[in-house]
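Participant: Would you mind keeping the following structure in view while I ask a few things?
Since every read-out is calculated from the coordinates, none of them should be taken as a lab result. It should be emphasised that the depicted structure is a prediction, and the values quoted were computed from it without experimental measurement. So basically every Cβ, Gly included, is an ideal-geometry build from the backbone, and we count neighbours across all protein chains shown.
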Amino acid sequence: MRRPYIAQRLLVACLIMIAPVAGCKSSNASPSSGPSPSVAERIDSASLDWIDSVPDLHTLGKPTVINFWATNCGPCVEEMPMLQEFASVHTADVAVIGIAMERSSSTVESFIDEYGVTYPIGVDAKSTVGSLFPEVVGLPVSLFIDSSGRVVETHIGALTASDLDGFLAPAR
């Protein structure tokens, strides 16, 4: 005689837990939230510590590769020379920007000196990038941005030369 009462209470408890979620829809933006911030606005609000030069993403006007990396990430280290070569060869066509997910700017400065990196590098010493860039789910991650500032592709994992050439092809 007690069993139906226990089952009834369990059912009510489950419904109470599920009810608040049942009518929810997943949405990137609600009508009242306005347009999502641009990549340039997100980088500006990240409060990055820039090494050497600070890029103005609002006025670049050309395709851009933003590479999120860390000095202790093996695939990040492996792709760094290729990214540097790509940046050097295509400097007129494409911007390359690195964002180091590190606490120490001095660690990053030593690293980029050792690897001869000359493109702009921002250091996320305050760990703000994760909340601003949900695309960064691991390292390395690269965002391919078109000339109007929109993310056209997200690449998770190490880049290859053909990945970079594939991004550049439509821009030609």
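Participant: Quick one: if you stick a label point 7 Å off each Cα along the C-beta vector at ALA161 and THR118, how many nm between them?
Facilitator: 1.9 nm
Participant: Please compute the length gained on full extension between VAL137 and ASN72, using 0.36 nm multiplied by the number of residues separating them and subtracting their Cα-Cα distance. Before the final figure, lay out each step's value.
Facilitator: Details: separation 65, 0.36 × 65 = 23.40 nm, distance 1.61 nm.
Gain in length upon complete extension: 21.8 nm.
Participant: What are the residues whose amide H is under 5 Å from the amide H of GLU153, where those residues sit 5 or more places off or on another chain and H is modelled from the backbone?
Facilitator: Here PHE144 satisfy the definition.
Participant: Non-local amide H neighbours of ALA95 (under 5 Å, H modeled in plane, Pro and chain starts lacking H): which ones?
Facilitator: Residues meeting the criterion, in which the H sits 1.01 Å from N, are THR64, VAL65.
Participant: Whole-Hz Karplus ³J(HN,Hα) for segment 121-132, in order, using 6.51 cos²θ - 1.76 cosθ + 1.60 and θ = phi - 60°, x for Gly and Pro?
Facilitator: Once θ is set to phi - 60°, the couplings for segment 121-132 become 10, x, 10, 8, 5, 9, 6, 9, 5, x, 6, 8 Hz.
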